[in-house]
Structure formats: C-alpha cells, structure tokens
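The values are calculated or read from the model by the stated rules, or taken from the named source; none is laboratory data. Computed from a predicted structure; not experimentally measured. Positions of Cβ are backbone-derived with ideal geometry, glycine not excepted, and every protein chain shown enters the neighbour counts.
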Amino acid sequence: MKSVEDRVAGSLLQLVRIRLGLSQTALADLLGIAQPTLSAYESGRRQPTLPTLLRLLARAGLELRLELADLDNHDAVLAEWERTLDDATRERLRAQGYRLASDAA
C-alpha cells in the first residue's frame, strides 16, 4: 500500500483533471507531459518533485497554497458533547443513522 506521501501529488493532479473536466490525455497535453507520466503520478507509481508539481499546477492555471492551522481536535469535542446527551437522545441519533464516537470504542 502506498504511503500518504506517495499519493499526495497524484491526488492533487487527479483533482486538477476532474476540476478542469479533462481526460488524462488532455491534461497531459496541457501540462506538457506524456500521458503515461501523468498516469504514473496519479496512481502513485511516481512522484514529481515539489518544484515540478508547482510548475505543472501553474500550467493548469492553479497554485498550491499551504497554511499552518491550529490542531482541529473535533473528535474530542464531539466525544465531550456526546457525553452530555441522555440515553434517549443517543438512541434517537443512532436510529437516524448517526454513528456516535462512543460506538467506536
């Protein structure tokens, strides 16, 4: 199984292709690379360097923006909220298809 690092660039390029509504061949032409190269990137068999990825995104009229953000500890917040629910409310939520954090334990 490929690691997250092995899939990030390919997933971004696949999102570009979907966003632009292009086939692999059409996007490869736009980016100036061979279709098998794009396929290898998308599948994680190959990874472009960061400068190459940025250049490819620019050719598609896009840019990669990264930001640092505070840790989103939503699981702990949700678990704390669920602890405030009475049993009847928990059962009603389960009946509606919700999976409670306490169900995963």
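Things worth noting here:
- Among the residues examined, A9 qualifies as farther than 30 Å from L100 by Cα and under 17 Å from the mean Cα position of the chain (by Cα).
- Among the candidates R55, R94, R19, residue that is among the charged types (D, E, K, R), touching a helix residue (DSSP H, G or I) at 6+ places or on another chain (Cβ under 8 Å) and modelled with pLDDT of 90 or more: R94
- Among (1) in a helix (DSSP H, G or I); (2) in contact (Cβ under 8 Å) with a residue 24 or more places away in the chain - the single one L64 does not satisfy: (1)
- Top-ranked residue in region 67-105 [being of a type in the set (S, T, N, Q) and in a helix (DSSP H, G or I); ranked as farthest from L38 (Cα to Cα)]: T89
- Subset of region 29-50 that is of a type in the set (A, V, I, L, M, F, W, C) and over 21 Å from the mean Cα position of the chain (by Cα) - its residue that is surrounded by the fewest Cβ atoms within 10 Å (Cβ to Cβ): A34
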